[in-house]
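Let me begin by presenting the structure, written as structure tokens, before commenting on it.
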Amino acid sequence: MSKKGSPSLMQMLELYLKGMCMGAADVIPGVSGGTVAFITGIYDELLLAIKSFTPLALWKVFRQPLRTTLAVHHVFFLLPLGAGVASSILLLAGLMNYLLGAYPEMVWSFFFGLIAASGLLLNYENGRITFDDFICILVGAAAAVWLAKLVPAQLASTPWTTFMAGFISIIAMILPGISGAFILVLMGMYSSIILALKSFDLHTIFLFGTGAALGLSLFSRVLSWLLDRYAKVTVSTLIGFMYGSLYKVWPWKVTEAYILDHHEKVIPTVQKNVTPWNYFAMTGQEPFLLPSVMLMVAAVVVVAGIHLWGKRARLHQASAEHV
């Protein structure tokens, strides 16, 4: 951002596009919007911006100049980013739902490559791996695999469960490697929330959003505290979560048990990862191996491009602040 705290139109457009990428990731069960924020270089500022909203700070809004309010609460950062997230979720929820149903192998292949490349990149940027870092990566990966193996619950869609779904899933959404959408699947609330977004059910969206706002406000402080005091260990654990989530997003799976949610949608409860060459024999479905591998490679290119984009933006911001 510029020295006065007001970003240029191009910077706001970049934040909007990054927000759209985060929103697109958040509607996929297995992919985290926090991962996108992490690899685009806006993660720390995102936590700082969220943490700035306290009851006392909000009270001071009415007692301080507008320019101070906008700067303290990172409004010029959050507005375009939030608009990108919201518009992406509202516009892409139906499309992602369709693609996952029609071309699951190719969709998961792309996100498998995206997460794998992101984890390797973040590992590189985190510096030399010590023994403590290695243990943290293993713990994070084991926790993610454990979450992926949990059997989905079947919660009734009530105001309370909708509120709690927002509260819990938003915590996962801002953690790189943990999918908020997958947490909704585990709670049996994914279809309800997606349907509410597609049909603009304002009552459900309000309850979910209120829970999400509270969860985001509380957990951002915990995570920011950990990153301030134990940065390398915390990042190593988050990287482990990303590696562990690869178990969930492996493209070729055989469903061994499933349940029907309250919208009669099939929710797999027990799945086994298989090789692509065994996939057809076990399911009778085309594995789409070549396009899937091509999409994995494309995902690596996307990660590299986003990383360079974020690096260039940070360098530009640093040079602008020294002018």
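Some values worked out for this structure:
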quantity	calculated
Selection status of S88, more than 20 Å from the chain's Cα centre (by Cα), buried (at least 18 other Cβ atoms within 10 Å of the Cβ) and either at pLDDT 85 or above or on the phi < 0 side of the Ramachandran plot (or both)	no
Per-region count, region 97-118, residues buried (at least 22 other Cβ atoms within 10 Å of the Cβ) and within 23 Å of F208 (Cα to Cα)	0
Hits in region 171-220 - residues which are of a type in the set (V, I, T) and either surrounded by 20 or more Cβ atoms within 10 Å (Cβ to Cβ) or closer than 20 Å to M96 by Cβ (or both)	I171, I174, I178, I183, V185, I193, I194, T204, I205
Complete set of residues in region 140-168 that are at pLDDT 90 or above, closer than 30 Å to S292 by Cβ and surrounded by fewer than 22 Cβ atoms within 10 Å (Cβ to Cβ)	A142
Residue match in region 204-220 (condition: free of Cβ contacts under 8 Å to residues at least 12 places away in the same chain and either more than 24 Å from E45 (Cβ to Cβ) or touching an Asp or Glu at 6+ places or on another chain (Cβ under 9 Å) (or both))	yes
All positions within region 109-137 that are of a type in the set (A, V, I, L, M, F, W, C) and not in a helix (DSSP H, G or I)	I129
Residue list for region 280-292, restricted to those being closer than 14 Å to Y103 by Cβ and of a type outside the set (G, A, S)	Q285, E286, P287, F288, L289, L290, P291
Members of region 216-251 that are in a helix (DSSP H, G or I), in contact with a helix residue (DSSP H, G or I) (Cβ under 6 Å, 6 or more places away or on another chain) and more than 18 Å from G140 (Cα to Cα)	L216, S220, R221
Odd one out for Y230, checked against (1) farther than 30 Å from P159 by Cα; (2) touching a residue at least 12 places away in the same chain (Cβ under 8 Å); (3) aromatic (F, W, Y)	(2)
Evaluation of A181 against (1) farther than 29 Å from A49 by Cα; (2) in a helix (DSSP H, G or I) (one fails), failing number	(1)
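The values are calculated or read from the model by the stated rules, or taken from the named source; none is laboratory data. Given the structure is predicted, the values throughout are model-derived calculations rather than measurements. No Cβ is skipped: glycine too gets one built from the backbone with ideal geometry, and neighbour counts run over all protein chains shown.
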